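Visitor: Handing you this structure, nothing more for now.
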Amino acid sequence: EKGGYDHFMMKEMVEQPKAMMEALLSRCCENSESFGELKLNAAMMENINRIQIVACGTAFHAGMVGKYYFEKFARISVETEAASEYRYKNPIVDENTLLIVISQSGETADTLAAIRLAKECGAWVLAVTNVVGSSIAREADDVIYTNAGPEIAVASTKAYVTQIGCMMLLAAYMGRLNGKLKEADSTRIFRNLMMTPGLIEKVLDTKETIKAFADKNYRINDLFYIGRGLDLYTCMEGSLKLKEISYIHSESYAAGELKHGPLALIEEGTIVIAVCTQENVFEKMLSNIKEVKARGAHVLAIVQEAHRDIASEVDEVWVIPEMDDDITAIPTIVYLQLLAYYLAVARGCDVDKPKNLAKSVTVE
Ligand code: F6R
């Protein structure tokens with residue numbers, strides 16, 4: 001049942017290229033995105049003046065990536081909030097609001113409560129979920145299925161990459177509806193996404209390197225992740241994955257925020273993972289790396305191929321192939337999933353069933 005792997009989590013990480021392909025092909029039409037399943041159309045979108053993305057945990061991180069894409073491709077400003085916050089904050093939501101919820105299981109109690117609240121106020125609710133016929137799928141006005149296939153391990157992996165893929169397509173679709181995105185750009189976005197299964201494969205091929213790093217470092221007590229732009233969300237997700245399955249304390253920070261406090265925690269030997277896949281902030285990341293190196297940090301950088309020579313500045317480098325900066329979040333998270341996995345295994349943790357956690361949080 002685990003397909004020959006030791007854990008469901010490994011099986012599901014390995015299934016990511018296929019899951020991504022399923023997610024993309026089910027909404028592809030002539031090399032561009034197509035959302036034939038949506039009732040939401042251009043006329044309805046004209047009445048929408050507020051978009052909110054609400055989710056929990058890993059799905060919430062996919063929501064933040066989604067916000068980035070919505071703002072970039074459709075030039076629509078988006079609010080993102082954890083469902084457990086949204087529902088108790090008297091949110092500004094009315095019949096001109098589009099609420100997008102993201103949930104792998106489709107059963108998360110807080111996310112479901114957010115839907116009910118927004119619907120009562122007249123909002124249009126679009127759910128991005130993996131489970132057909134789930135409560136969230138049934139209660140939303142529109143549903144986009146991520147088609148990742150069943151996810152059994154508590155730590156979400158393949159569902160996350162497909163959520164990001166769907167959010168990118170949805171943002172491009174919205175950009176086409178409101179005229180902010182040119183047809184050629186939406187085709188380019190789709191083509192880039194179609195490359196992600198192969199890119200994920202490339203990262204999966206480096207498993208042994210990551211395992212070796214984990215076997216050497218599994219006794220650590222803390223791990224820091226820093227990044228900017230899209231890389232920040234990858235850091236947040238990587239940090240969550242690590243905490244949940246290996247029980248190692250970790251922090252994720254916007255690299256520019258370091259000197260506003262957390263830099264004080266960096267000492268001789270602290271491992272800092274610097275995710276540097278975004279060209280527009282690459283130089284800024286380099287100066288942040290120098291800041292932590294000056295305090296004795298052991299730095300592992302993740303970069304695109306063209307920046308492989310960052311090796312002279314850091315202690316270790318993991319490389320992703322050259323690609324459009326907008327899709328790096330997809331292969332990069334696979335490195336951080338594998339790292340969390342191998343650290344957890346080295347520490348003897350029950351990877352598929354971490355303590356205190358349940359696969360779907362149906363209680364509040
Ligand atoms: C992390 C994880 C959780 C879930 C969260 C939301 O690996 O699995 O953080 O992402 O409980 O669950 P869904 O997506 O089912 O609403």
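Visitor: Can we say LEU230 is within 16 Å of the ligand (Cβ to nearest atom) and in contact (Cβ under 8 Å) with a residue 60 or more places away in the chain?
Guide: no
Visitor: Kindly evaluate ALA62 against the criterion of being open to solvent by less than 50 Å² (accessible area, probe 1.4 Å), touching a residue at least 60 places away in the same chain (Cβ under 8 Å) and either among the aromatic types (Phe, Trp, Tyr) or part of a helix (DSSP H, G or I) (or both).
Guide: Yes: the conditions hold for ALA62.
Visitor: Looking at region 233-246, can you tell me whether even one residue there is at pLDDT 95 or above, assigned to a loop (DSSP other than H, G, I, E, B) and open to solvent by 10 Å² or more (accessible area, probe 1.4 Å)?
Guide: No: zero hits.
Visitor: It is to be established whether one or more residues within region 239-259 are more than 21 Å from the chain's Cα centre (by Cα) and free of Cβ contacts under 8 Å to residues at least 40 places away in the same chain.
Guide: So far as region 239-259 goes, yes, one or more of its residues are more than 21 Å from the chain's Cα centre (by Cα) and free of Cβ contacts under 8 Å to residues at least 40 places away in the same chain.
Visitor: Pairs, please: C-beta under 7 Å, at least 6 apart or cross-chain, first residue under 17 Å from GLN104 (Cβ atoms) and within 12 Å of the ligand (Cβ to nearest atom) and in region 336-364, second among the acidic types (Asp, Glu) and open to solvent by less than 80 Å² (accessible area, probe 1.4 Å)?
Guide: Every condition considered, the pairs that remain are PRO354/GLU244; LEU357/GLU244; SER360/GLU107; THR362/GLU107.
Visitor: For region 288-320, which residues satisfy the criterion of being outside any helix (DSSP H, G or I), surrounded by fewer than 14 Cβ atoms within 10 Å (Cβ to Cβ) and in contact with a strand residue (DSSP E or B) (Cβ under 8 Å, 6 or more places away or on another chain)?
Guide: Selection gives ASP315 alone.
Visitor: Are there any pairs with C-beta distances below 9 angstrom linking a residue in region 153-176 that is under 13 Å from PHE190 (Cα atoms) to a residue that is outside any helix (DSSP H, G or I) and near the ligand (Cβ under 8 Å from one of its atoms), with the two at least 6 apart or on different chains, and if so which?
Guide: If the second residue must be outside any helix (DSSP H, G or I) and near the ligand (Cβ under 8 Å from one of its atoms), the pairs left are CYS166/ILE102; MET167/ILE102.
Visitor: Please count how many residues of region 191-205 are surrounded by 16 or more Cβ atoms within 10 Å (Cβ to Cβ) and either polar (S, T, N, Q) or without any contact (Cβ under 8 Å) to a residue 40 or more places away in the chain (or both).
Guide: The number of residues fulfilling the criteria is 2.
Visitor: I need the full set of residues from region 65-115 which are open to solvent by 10 Å² or more (accessible area, probe 1.4 Å), assigned to a loop (DSSP other than H, G, I, E, B) and within 11 Å of the ligand (Cβ to nearest atom), in order please.
Guide: GLN104, SER105, GLU107, THR108
The values are calculated or read from the model by the stated rules, or taken from the named source; none is laboratory data. As the structure is a prediction and not an experimental result, all values here were calculated from the model. Note that each Cβ is placed from the backbone with ideal geometry, even for glycine, and that neighbours are counted across all protein chains shown. To get the accessible areas, we keep the full protein, side chains included, count just its heavy atoms, and leave off ligands, DNA and RNA. Shrake-Rupley method; radii C 1.70, N 1.55, O 1.52, S 1.80 Å.
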